[in-house]
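Q: Sharing a structure here in structure tokens format.
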Amino acid sequence: MVNLTRALALELAPDIRVNCVCPGFTDTDMARDEIEKADDPAAAEQALINYTPMKRIATPEEIGQAIAYLASDDAAFITGSNLMIDGGMTMQ
């Protein structure tokens, strides 16, 4: 996705901006279902929280706000970017 984002950003500029949002673990129904499948759901959730430097799980609203920003005029000079919204997980 990262390379596709860059290639499309180059090809479509200046008329269309192309950016990529790379979310980390996010509190969604699908994520909750996966946690609930674990032998110890509370421990599975805590392990995810402990692995993330921010020590919590992202909310869907946080991911949506970043997407809304990239789609807005406030981000008019941003293209070819990959925005990591993972609470610092990629730094590990």
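Q: Where the eigenvalues come from the Cα gyration tensor of the chain, what are the semi-axes √(5λ) of the equivalent ellipsoid, largest first, in whole Å?
A: Details: eigenvalues 198, 31, 27 Å².
Value: 31, 12, 12 Å, ordered largest first.
Q: What FRET efficiency would be calculated for the residue pair Arg6, Ala42, taking the C-beta separation as r and a Förster radius of 41 Å, to the nearest 0.05? Don't skip to the answer; put the middle values down first.
A: Numbers: r = 40 Å, r/R0 = 0.99.
Once the sixth-power term is evaluated, E becomes 0.50.
Q: Please find the FRET efficiency linking Asp29 to Phe77, where r is the Cβ-Cβ separation and R0 is fixed at 35 Å, and quote it to the nearest 0.05.
A: 0.50
Q: Going by amide H atoms built from the backbone, whose H comes under 5 Å of the H on Leu83, apart from near neighbours?
A: HN-HN under 5 Å from Leu83: Cys20, Val21, Cys22.
Taken together, the values in this text are just the output of simple stated rules run on the coordinates, not laboratory data. Here the structure is a predicted model, which is why all the values come from computation and not from measurement. Counting neighbours? That spans all protein chains shown, and the Cβs are built from the backbone with ideal geometry, glycine included.
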